[in-house]
Each structure stands twice: as structure tokens, then as C-alpha cells.
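Data first, discussion second: the structure below is written as C-alpha cells.
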Amino acid sequence: MSNLDSLLQTLLTDLPDLRSQMYFKSSLNALCRAIEDVVLAGNEAPLVIASFQQERFYRQETRRYQRIAQKTDHVYVLAAPEPESSFAIASDQYETIPLDIEDSLANEKHLIIVGQDYTACLACQEQQKILTSVEQSQRYEGIWTFERDVCLHAASLLLDRIAQYRPELASKVKQAKQQYCLTSASSIPPLPVLQSRVFGQRLVTYLQASQYKLLKAYRALSAKERKERFANAMTAAIRQSLDPKEVLAVAVNELGKVFEHCRCILYCCDRTAEAVEIEYEFVAPGLPSLQGTPWPISTNPLLSIALAQERAIAIADVFEVQHLRQDKEFAAKLEKWQIHSWLIAPIRHQGELLGVLELHHGGTTDLSMA
């Protein structure tokens, strides 16, 4: 197949019963690792052909393919190499095939497994990139199947292309076609129960891991956006007015909006005072306002710790902290003020204590992100 431009499109043309689907990159990675684990867990030596688009993606899986190469002599890895890299040099353990950057295969992700007892084929083409910094959100159109005829056809197509890129492998490619019966039709054997169990268990594990990574990435992006929004609001407030009271009022209001069901207060602090009146406050709907209420200073155990250690202190659940429960009167105030999570941050300038910023949350949340 010297005219092969796209493995996916060729398969869809040659085998019209195939139907392509859309995948996210995180799902593809999970599928690939689960299929590779079937090879690593098995006892046979299958044909393994993997195309990674770019060399940098392959480098993340080098050790895994070194382990796979210990199971079989027929492992072929395709990728568009980085400038001045050593990828084009044949590996001692398996064959590396450098793709031309203009080749359509360099825009596709493939994993073909052909064994005596099982086969697998994953052939996908990257679609237009989504404008986001989360790489895992890239979308692919492709097919995923265990049907032997499809896998044999895909393997034959890729082996032909491998021989074109590296003519010195022609004899090895011919041997692979004969060894794995790629030149003749064969029946489709059932997938062994053991292999199916390995694949299913590993796929679920990898999908869960990728989901966790995505959630972590999105949370980081969300936190970054909140910080940028707060910084922009503060900059705008300072430009509009040089009155410190107006700037502080905007700061408390914007910071309070970061978390749902949250109260944000800012006050001057005199360590010798018993209480102070709160001047700046943001209150979410449903929480009582503390403005005009005497706020305890000398009897506030958490504030005493924050001032003594000169650092911010965050508590996820105030009722789990024993020294906050010892003073029953103070514990009753916490319940009355609906403070479940608590963040206290002393504000200092050149060693001098200017005030204290506090965030109170009426439910469980992570105030450490503030």
C-alpha cells in the first residue's frame, strides 16, 4: 500500500462496516496502557506496532516499551522525531521508525497488537486542537476493536509503510507477516477470559487515574483564574480611587466571592484589646453579618496562634480542633456565626502588624487555596 496516507481513513474505506468515534486523549492513553498491559501480563510474543505522533510522547513511554520488547522480537515504534534527536537510530531492543512531519501518520495515534490468542487495534486521527492549556482535552476520531480481521489488515498496512521508511527492515517485515499470518485470512478466535479480565481491570484503573489528573488540572486552572480576576479587580480599584478605605472594601468584596457561602472580614488588630469592631466585611447570602459585632481578640485562641507564629492558619473543620472546643462560650459563638472552616491571615508590613484578614465558611471547603 504505497499510497497509504492515513491509516484510519484507509481502514474506514477498505472495511466499510467500521464506524469511527470521538475520543479524548486521556481516554486514548488509558486504552493504550490497558492493551499494553495485556501484552505484559501474557505469555506469548505478539506483534506490537505503536505510533506516537511525536517523539516527545514516545519518550514518556520508553521504559514501558523496553519491557514489552522483552516479551517479543517484533516491536515497532513510529513517531515524528525531534530535531537532532537519536530516535532515527535503530534501537537494540526494538525498531524505531522516524516519520516525516508532513506524513499523515504523524497526526495519528495507533496501537496494533497481533497475537496467537488475541488481537487489538486502536487507530485514531487528531482533530482540531481545543484552545486550552490542558493537553488531555485534545480530541481524536478513530476506531478501537479486537476484531482479528481488522487488526491484521491494519498491521499489514503499517508494516508496508515501515518497510518504505526503513528498507533494511524488509526481510524482518516479511518474516513478521508470515509469522503472524498477515498474508492469509484467518478465523477470529475468542479473547481468553484471563486477558479480558486483565484488560478490563487495567482500563478502569487508568481511566480513574486520568480523571483524577484532569480534575487536578482544572482545579489549578480555576484557582489561577480566580487569582487573576482578583488581581485585575484590585488594580482597577486602585486606579479608580486612592482612598485606602475604598481599596480595602473592594479587596474584601472580591476575595469573599472566591468561595461560595463564605464570609470575608478585615480589621485592625491590637493584641492588648479584648475585642475590635469589624469595619470591612463581605457576607454571602445565608450567613449572619458580623459588622458592628465586637470581634474577640484576646480570647480568640486561633488568632493568638496565628499572631505568635506570624503566618496564616487554615482549619477545615473548627469542631475537630480540641483547643477551640475547650472554651464553651467561644465554641458557641462559632456555631452562632456559622463558622465551619476558618482561615486567619495576619497582615504585616516591615515587621509591623497592620491588621488581620479572615475567611469563614459555613460548610466544608478548602480555604488553603485562598
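The values are calculated or read from the model by the stated rules, or taken from the named source; none is laboratory data. Predicted model only: the values in this text are computed from it and were never measured. Cβ: placed from backbone, ideal geometry, glycine included. Neighbour counts: every protein chain shown. Side chains included, ligands, DNA and RNA excluded: accessible areas come from the protein's heavy atoms. Shrake-Rupley method; radii C 1.70, N 1.55, O 1.52, S 1.80 Å.
Among the criteria (1) open to solvent by 40 Å² or more (accessible area, probe 1.4 Å); (2) touching a strand residue (DSSP E or B) at 6+ places or on another chain (Cβ under 9 Å); (3) assigned to a loop (DSSP other than H, G, I, E, B), the one Cys269 does not fulfil is (1).
Okay, residues lined up against (1) closer than 28 Å to Arg229 by Cα; (2) not charged (D, E, K, R):
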| position | (1), (2) |
| --- | --- |
| His261 | yes, yes |
| Ser289 | yes, yes |
| Thr293 | no, yes |
| Ala306 | yes, yes |
| Phe319 | no, yes |
| His323 | no, yes |
| Lys336 | no, no |
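Is it the case that some residue within the range 305-323 is crowded, with 17+ Cβ neighbours inside 10 Å, of a type in the set (Asp, Glu) and under 35 Å from the mean Cα position of the chain (by Cα)? No, the range 305-323 has no match at all.
For the range 334-354, filtering for residues that are touching a Pro at 6+ places or on another chain (Cβ under 8 Å) and crowded, with 16+ Cβ neighbours inside 10 Å leaves 1.
Within the range 129-139, one or more residues are assigned to a strand (DSSP E or B), at pLDDT below 90 and under 26 Å from Val38 (Cα atoms).
Is it fair to say Glu358 is open to solvent by 70 Å² or more (accessible area, probe 1.4 Å) and either at pLDDT 85 or above or not in a strand (DSSP E or B) (or both)? Can you show your working first?
Numbers: open to solvent by 70 Å² or more (accessible area, probe 1.4 Å): no; either at pLDDT 85 or above or not in a strand (DSSP E or B) (or both): yes.
For Glu358, the condition - open to solvent by 70 Å² or more (accessible area, probe 1.4 Å) and either at pLDDT 85 or above or not in a strand (DSSP E or B) (or both) - is not met.
Within the range 145-163, the residues that satisfy the criterion of being assigned to a helix (DSSP H, G or I) and charged (D, E, K, R) are Arg148, Asp149, Asp160, Arg161.
Condition check: over 23 Å from Tyr118 (Cβ atoms) and open to solvent by less than 10 Å² (accessible area, probe 1.4 Å). Does Gln60 satisfy that? Quick ask: steps written out before the conclusion?
Numbers: over 23 Å from Tyr118 (Cβ atoms): yes; open to solvent by less than 10 Å² (accessible area, probe 1.4 Å): no.
No, not satisfied.
Is it the case that Ala170 is over 37 Å from the mean Cα position of the chain (by Cα), over 29 Å from Ala80 (Cα atoms) and at pLDDT below 95? Spelling it out, it is not the case that Ala170 is over 37 Å from the mean Cα position of the chain (by Cα), over 29 Å from Ala80 (Cα atoms) and at pLDDT below 95. Within the range 1-57, how many residues are closer than 12 Å to Cys124 by Cα, among the aliphatic types (A, V, I, L, M) and open to solvent by 50 Å² or more (accessible area, probe 1.4 Å)? The qualifying residues number 1. The condition of being open to solvent by less than 60 Å² (accessible area, probe 1.4 Å) and among the acidic types (Asp, Glu) does not hold for Glu246. Selection of first residues in the range 78-89 that are within 13 Å of Arg166 (Cβ to Cβ) and of second residues that are among the basic types (Lys, Arg) and open to solvent by less than 70 Å² (accessible area, probe 1.4 Å), restricted to Cβ pairs under 9 Å at least 6 apart or on distinct chains, gives the following pairs, ordered by first then second residue: Leu78/Arg161. Only one entry in Ala88, Ala80 is among the aliphatic types (A, V, I, L, M) and open to solvent by 40 Å² or more (accessible area, probe 1.4 Å), namely Ala88. Determine if the range 286-297 includes at least one residue that is part of a loop (DSSP other than H, G, I, E, B), in contact with a Lys or Arg (Cβ under 6 Å, 6 or more places away or on another chain) and open to solvent by less than 40 Å² (accessible area, probe 1.4 Å). Yes: one or more hits.
Candidates are the residues of the range 173-193 that are of a type in the set (A, V, I, L, M) and in contact with an Asp or Glu (Cβ under 8 Å, 6 or more places away or on another chain); the one that is modelled with the highest pLDDT is Val173. Highlighted here are the helices (runs of 4 or more DSSP H) found entirely within the range 1-120 that include at least 3 residues which are charged (D, E, K, R) and modelled with pLDDT of 85 or more: 25-41, 55-59, 62-69.
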